[in-house]
Every structure is written in structure tokens, then in C-alpha cells.
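Structure, as C-alpha cells:
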Amino acid sequence: MAVIAGNWKMHHGPTEALNFFSEFEAGALPSTHELIVFPPIASLHAVATSEQRDSRVQIGVQNVHWEDSGAFTGEISAHMAKDAGATFALVGHSERRHVFGETVMQTNLKVDVLIRAGLVPVLCVGETIQERQAGLVEEVILRQLDGALASLRSAPRFLVAYEPVWAIGTGETATSADATSAHGTLRRRLEHAMGMVQAAQIPILYGGSVKPENAADLMDAPGVDGVLVGGASLDATSFGEIVVAAG
Ligand code: PGA
């Protein structure tokens, strides 16, 4: 079983989101995979409560604030996201880290609040091209993972997504060997931190320019348990093709 997740980013308001689900026929797709869509917050409740959405497709929120509530204009809390219908939550996505300056510490606080709210964290980690060229892939992704591990150990469930920053939205993907190597690094750290049995329950997804044409190869790579798809998840047909590519 693979996990196929779609991160819609700042696309698909309520009308377009519901149109997506009127076209996306999950019932016709292989039923063994876990499907998750992360709509923007403005569409989340509409999607979560829509009869057009096949209930196989679970819903996640793209970002939350690390406090439970308060004077934080423009932000939303993990509890609100859950109340609106989210089950999963992205945390530490590279756009949060690099465009909005989110620090490892803030990411960790968000992991804590997500666990308290009963949401399943999907912790995103990944290196920039400069970090890769400097041979720092392991160091960077382990620093991002380690920061959150203390809290994640108490999570009933969580997922990790390896998303090299240079592959996000660029059309470039990691090679299968690069993905296997980074996933192996993350897997070994999870096993060391929480033991083989618990670590085996944690899927590690690959993200970064996943498309119908490359999805099968990436998902066949040893250590890749699924994909986190940005651009190609916006279209119901291409997202469906990626699910089919998972076999
Ligand atoms: P992309 O985005 O598939 O458009 O590269 C992936 C992501 O940011 O999760």
C-alpha cells in the first residue's frame, strides 16, 4: 500500500475544489492506497463535508499556528483545522521554511500542537541545491527530522516526506537512487529513535515534481512508501493517473 497525497498549495478555492471532486473518481482507482488531499484552508471545510468527495480521500491542512488560540491575525489553529474536517497536517513544508522563514523550532512547536489536537503530522524535510552541492543532504534532513523527533515519539501516527527543495515545482526530480539514499537515512534515524517495530509504521513519502510519467519509477524506488504531489495533484485526471501508477 502506498500513500498518495496531493498538496494543492494556494490553488483551488471552494468552487474549483468541488469541481475537482466531481471529476476525481476514487471509486474507479486501485483501492489499496491511502489517498490524502491538502486543500487551502478556504476550501477545507467545503471539501471535508462535500458529498462529491469519495470518503476514501482523506483531508489535511497545509499549515497551522503553533499556539492553541490567541491574537494571531490571519492564522488558524490545529484545533480549528480538525474541527473543519482535517485529519492530517503538513508541517515544515519547504515553502513554509524558505518563503515564510519558518524555523526548525517553530516546526517542532507545530508538531506538538498537531499531536495535542489529534491531527496526523506529515513532516516535510529536504535540502536546497546549495546544501546538496556542499554534500550536506544527510546533515540537513536529519537536523530537520531530529528537531521534531522528541515530540513525534508520542504521536500515535505520523508520516515523513522527503522533498528536495530543488525538485519542488521545477520539473526536476531526484533520481531513484537519490530518493532511496535519503529515505534510507531517514528510515535508519527513525529506527534508532523509536525501534524497528514502530519505525516500520511510518511511511516516508517522496515529493518534488512527481507526475504521472515519473510516479511509477519513483514509487518503485526502494524505501519510497508513497508520494506528495504538488502541481500534478491539481488536475483530477493526472492525480488519478498517479494513483494508478502506484499499482
Ligand atoms: P511539486 O510540489 O509536485 O509541484 O513539485 C511538491 C510539494 O511541494 O509538495
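Near V61, the amide H atoms lying under 5 Å from its own belong to T87, F88, A89, L90; only residues 5 or more places off or on other chains count, and H is placed 1.01 Å from N. Just checking the listed ones, V125, V104, V160: in the Gaussian network model of the chain with Cα springs under 10 Å, the one fluctuating most is V104. What whole number of Å gives the distance from the Cα centroid of region 35-91 to the Cα centroid of region 164-221? The distance from the Cα centre of region 164-221 to that of region 35-91 comes to 24 Å. Based on DSSP H segments of at least four residues, each scored -39500 (n - 2.57), the chain has a per-residue ellipticity at 222 nm of -13000 deg cm²/dmol.
Top mean-square fluctuation among A161, A89, A71, Gaussian network model of the chain, C-alpha springs under 10 Å? Checking each option, the largest mean-square fluctuation is seen for A71.
Using a Gaussian network model of the chain with C-alpha springs under 10 Å, which one of P212, P121, P30 is most mobile by mean-square fluctuation? It is P30. When you filter the trypsin sites (Lys or Arg not before Pro) in region 63-121 for DSSP loop state and at most 11 other Cβ atoms inside 10 Å of their Cβ, nothing is left. Ignoring lysines fewer than eight residues from K82 along the same chain, the ones with Cα atoms less than 17 angstrom from its Cα are K110. Residue ranges 40-46, 74-80 sort as 40-46, 74-80 when ordered by packing (mean number of other C-beta atoms within 10 Å per residue, highest first). Using θ = phi - 60° in the Karplus curve 6.51 cos²θ - 1.76 cosθ + 1.60, the 3J(HN,Hα) couplings for region 220-229 round to 7, 5, x, x, 9, 9, x, 9, 10, 10 Hz; x is entered for Gly and Pro.
A short reminder: the numbers here are calculations on the coordinates, not readings from a lab. Values in this document were obtained by computation on a predicted structure and should not be read as measured data. When we count neighbours, we look across all protein chains shown, and the Cβ atoms used for this are built from the backbone with ideal geometry, even at glycine.
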